[in-house]
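Asks: Quick one: structure below, then a few questions.
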Amino acid sequence: MKKGRTVLQSKRFGIQSCRHNAALLDATRKMVEAEVNTMIVVDDEGYLEGTISRRDVLRAHLEHDDWATHPVSQYMSRDVVTVSPTTLLHKVAEILTYDEAHQVVVVEDDNGRQRPIAVITATDLVYLILRDE
């Protein structure tokens, strides 16, 4: 991972997402099919509302027999670590390492609202380190 490189210069863009009012079962199926641990939760206009993880699904399953019918919004995390496309990858690495975030969501500002465009994990950064060696 070369110093001075930004998120925009290094990351493929695209996210796995679901709507805030989606049933947990539908979101869980989508996570499994996409082979991701966390999905981005968006509102009806595509703006960031939170994330839903496999751990959130497990919690719902433990708490409710009818977990599958509950909306994603009931179990999603609204505390999302975000960065802009111009953020340096070195800064993202620091966030993932020292702030103990599992992923960082790359967002574009759209009149004060956040539109998610990518997700970066430690796995992504390790891949870039190896690619650059």
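Asks: Quick check: net charge around A101, other residues with Cβ under 15 Å of its Cβ, Lys/Arg +1 and Asp/Glu -1?
Replies: On the way: positive: R55, R78, K91; negative: D79, E94, D99, E100, D124.
Surrounding charge for A101 is -2.
Asks: Using the Cα centre as the reference, give the magnitude of the dipole from point charges on the C-beta atoms of region 7-132 (Lys, Arg: +1; Asp, Glu: -1; all else neutral), rounded to the nearest 20 debye. Don't skip to the end; give the middle numbers.
Replies: On the way: 13 positive and 20 negative charges, 66 e Å.
With Lys and Arg at +1 and Asp and Glu at -1, about 320 debye.
Asks: A follow-up question, please. As an exercise, identify the GluC sites (Glu not before Pro) in region 1-57 lying in DSSP coil whose Cβ has no more than 11 other Cβ atoms within 10 Å. Please list the in-between numbers first.
Replies: Numbers: sites: E33, E35, E45, E49; in loops: E35, E45.
Taking region 1-57 and a limit of 11 other Cβ atoms within 10 Å, the loop GluC sites (Glu not before Pro) found are E35, E45.
Asks: A follow-up question, please. With 23 Å as the cut-off, how large is the P(r) tail for the chain, expressed as percent of Cα-Cα pairs?
Replies: Values: 3044 of 8778 pairs.
Roughly 35 percent, rounded to a whole number.
Asks: For the chain, modelled as a GNM with alpha-carbon contacts under 10 angstrom, which of R54, R115, R29 fluctuates the most?
Replies: R29
Asks: With runs of 4+ DSSP H residues as the only contributors, calculate the mean residue ellipticity of the chain at 222 nm using -39,500 (n - 2.57) per run, divided by the residue total and rounded to the nearest 500. Walk me through the numbers before you get to the answer.
Replies: Numbers: 5 runs with 46 residues, N = 133.
-10000 deg cm²/dmol, from helical runs alone.
Asks: From the backbone phi of region 111-128, what are the Karplus-calculated ³J(HN,Hα) couplings (6.51 cos²θ - 1.76 cosθ + 1.60, θ = phi - 60°) in whole Hz, Gly and Pro given as x?
Replies: 6, x, 10, 9, 9, x, 10, 6, 10, 10, 10, 4, 4, 4, 6, 5, 4, 5
Asks: Just give me a number: lysine pairs in region 1-94, eight or more positions apart or cross-chain, with C-alpha atoms less than 15 Å apart. Intermediate results must be reported in sequence, preceding the final value.
Replies: Numbers: K2/K11; K2/K91; K3/K11; K3/K91; K11/K91.
Qualifying lysine pairs in region 1-94: 5.
Asks: In addition: About its Cα centre, what dipole magnitude does region 40-106 give when the only charges are +1 on Lys and Arg Cβ and -1 on Asp and Glu Cβ, stated in debye to the nearest 20?
Replies: Computed about the Cα centre, the dipole is about 280 debye.
Asks: Here's a follow-up. How many percent of DSSP beta bridges within the chain run antiparallel, rounded to 5? Provide the component values of the computation, followed by the final result.
Replies: Details: 16 of 21 bridges.
Looking only at bridges with both residues in the chain, the antiparallel portion is about 75 percent.
Asks: To test your reading of the geometry: what angle, between 0 and 90 degrees and rounded to tens, separates the Cα axis of helix 54-63 from the longest principal axis of the chain?
Replies: Orientation of helix 54-63: about 20 degrees from the principal axis.
No value in this document is a laboratory result; all are computed from the given coordinates. What you see is a predicted model, and the numbers here were worked out from it, not measured in a lab. In this analysis, Cβ positions are derived from the backbone assuming ideal geometry, glycine residues included, and neighbour counts consider all displayed protein chains.
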